[in-house]
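Notes follow once the structure below has been shown.
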Amino acid sequence: MKSGWQALWIVLVLIAGTLAVSGCTYDSQITSPQGNEQLSLPQDKYVAIEEHLQVSSKLINGTYPFPPHINLSVIYSYDGIIDPGLTSRYNYYPEVNESFNVLYGTTFAKDVTYWNTMVGLRIKGVYHFPYTGESGFKLQRVDSDGTIYASYNNTSIVLKAGDKWVSPTYSEARTDSGMAFGETPYQYTAVYNTTWTVTNLGVFDKANLTKYHNNQSDTGFYMPY
């Protein structure tokens, strides 16, 4: 009789062990981090990103040789849909192929002393990750919905379509002196403020770009600055 109870006990232990193993497997399946899946951007789509540098100055004392001067912004069609009224030279695009994921534009606006005031634009195609912009903003990957994952100074950044990230403002005081035109002496101290902004402009169709002339390189429109 005792041996019969022992046999029954062994069977119950085996059944309990089997259920425990099955339960662990089931739990691990329902708690798997499915939300962390990296879904690639469709091959017929691309994401447009604009990185903008703004440098401005504030006069502390003295006088500038000339007042600051603001230029008009450079017009560029990131979605590839060109207004017939726009000059075509603003709409050169980099090579568009299967690896083309991002149209990355970097604009510059420096509103400081007269000879330092300028605007500029560089357009690059991103084909591989990671990609580092002029600001140090590092693009890590892009999801199928156009969400971009990036970093800046070891800080993680996530931008959905339409989102904007603004860097900390770097400020420094500068003093300058000399002779302006007309042999007029000048001397001033000004604070220069530098800020970078990165904007996720959203997802667009590659077909909008391929119907126009494409440079056979990763460089699209380029304007000196």
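Whenever you get a sec, compute what percent of the accessible area on the range 164-218 sits on carbon and sulfur atoms (1.4 Å probe).
51
Taking a ≥ b ≥ c as the square roots of the Cα gyration tensor eigenvalues, with a/c under 1.5 meaning rounded and otherwise prolate when a/b beats b/c, else oblate, which class fits the range 175-225?
Here the range 175-225 falls in the prolate category.
Sort Asp79, Asp143 from largest to smallest accessible area, using a 1.4 Å probe on the heavy atoms of the protein chains.
Asp79, Asp143
Just tell me which lysines come within less than 17 Å, Cα to Cα, of Lys211; anything on the same chain fewer than 8 places away is out.
Leaving aside lysines fewer than 8 places away in the same chain, those within reach of Lys211 are Lys45.
Compute the distance in nm between two label points, each set 7 Å from the Cα along the Cα-to-Cβ direction, one at Glu134 and one at Asn97.
In this crude label model, Glu134 to Asn97 measures out at 2.6 nm.
Roughly how many nanometres apart are two label points built 7 Å out from the Cα toward the Cβ at Glu172 and Asn61?
2.2
Separation between the Ser40 and Ile81 pseudo-spin-labels, each 7 Å from Cα along Cα→Cβ, expressed in nm?
For Ser40 paired with Ile81, the spin-label model returns 2.8 nm.
At 1.4 Å probe size, put Glu51, Glu98 in order of accessible surface, largest to smallest.
Correct descending sequence by accessible area is Glu98, Glu51.
Please give the direction-averaged projected area of the C-alpha convex hull for the range 118-225, in square nanometres with one decimal.
10.4
How do Thr169, Thr197 stack up against each other in accessible area, from largest to smallest, with a 1.4 angstrom probe?
Ranking Thr169, Thr197 by accessible area, largest first, yields Thr169, Thr197.
The values are calculated or read from the model by the stated rules, or taken from the named source; none is laboratory data. Everything numeric here is computed off the predicted structure, so don't read it as measured data. So basically every Cβ, Gly included, is an ideal-geometry build from the backbone, and we count neighbours across all protein chains shown. The area values use the complete protein model at the heavy-atom level, side chains included, leaving out ligands, DNA and RNA. Shrake-Rupley method; radii C 1.70, N 1.55, O 1.52, S 1.80 Å.
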